Amino acid sequence: MSDSTTVISVFVVLFAIFAFLGFYGSRWRKGDMNHLHEWALAGRRLGATLAFFLVGADLYTAYTFVAVPSGVFAKGSLYFFAVPYVAMTFAVALAFAPKLWKLSKEKGYITGSDFVRDAFDSRTLSILGSFLQE
Amino acid sequence: MRAIHVLMALLLIVPILINFYTPLYNYVNPKFAGLPFFYWFQIMMLFIVVIPYLAFTYLAKRLDEEGGSS
């Protein structure tokens, strides 16, 4: 078996598995998609285990797999900043995220912009904030 | 400000400062499995910071259950 056959078969098998999981998952614990919080926040029903895997998967983006390795290859250890960056951002998240989560649950915020509009009573700031959130 | 709040802040700030202070780990030796100190120290820190973060979470949860404003 040549190299390209191996690569293509691995890709096809994994693609089939994840496509199946995607369609299968859409039936699992189905919510009412007419509500925005069902679609955007999984109906606020994600437990600790699912939230753990969701946050973990958030780290493995195209940036992690393509941008950082190629940056290290091109410029060297400068791009290793991505590793301590992860260790530090989790400290910031630990300090602020639980309070935001609790407040969002009480007042029914769906995005960060909802929180900004309510907390600072400013529509302009809310729109500017939504641009900053990626 | 209670002493426990200072302790909780230190549990988050000290790991950040250690990660920020590059001169602390900007060395080649000692190597570990051929990897320079600079690299393996930062990877090791990923696992070590879990300890203070877990302690912070535990304290925050206990303060929350006490009903105190943390």
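Derivation of every value follows stated rules applied to the coordinates shown; laboratory data play no part. Please read all numbers here as calculations on a predicted model, not as lab measurements. For neighbour counting, all protein chains shown are included, and Cβ atoms are generated from backbone atoms with ideal geometry for every residue, glycine included.
A few notes on this one:
- The mean sequence distance of close C-alpha pairs (under 8 Å, at least 6 residues apart), as a share of the length of chain A, puts its relative contact order at 12 percent.
- Mean partner shielding of peptide A:81-89, defined as the number of other chain Cβ atoms within 10 Å of each residue Cβ, is 6.
- Among A:PHE11, A:PHE53, A:PHE80: highest mean-square fluctuation, GNM of chain A, C-alpha pairs under 10 Å: A:PHE11
- Under 27 Å from A:LYS75, Cα to Cα: lysines that are on another chain or at least 8 residues apart: B:LYS31
- Computed helical MRE - 222 nm, the protein assembly as shown, DSSP H runs ≥ 4 contributing -39500 (n - 2.57), nearest 500: -22500 deg cm²/dmol
- Two-decimal log10 I(q)/I(0) for segment A:82-134, as the Debye equation yields it once each C-alpha is a single scatterer, q = 0.14, 0.17, 0.24, 0.29 Å⁻¹: -0.45, -0.63, -0.95, -1.06
- Neighbouring Cβ atoms from other chains, within 10 Å of the Cβ of residues in A:90-96, number 5 on average.
- Here the Karplus relation 6.51 cos²θ - 1.76 cosθ + 1.60, evaluated at θ = phi - 60°, turns the backbone of segment A:2-12 into coupling constants of 6, 4, 5, 5, 4, 4, 5, 5, 4, 4, 5 Hz, with x for every Gly and Pro.
- Value of Rg to Rh for chain B (Rh from inverse mean 1/r over Cα pairs, i.e. Kirkwood): 1.16
- Mean shadow area of the protein assembly as shown, taken as a quarter of the surface of its Cα convex hull (nm²): 17.7 nm²
- Ranked by the mean number of other Cβ atoms within 10 Å per residue, highest first, peptides B:55-64, A:60-69 order as B:55-64, A:60-69.
- Longest segment of chain A lacking trypsin sites (Lys or Arg not before Pro) that sit in a DSSP loop with at most 11 other Cβ atoms within 10 Å: A:46-134
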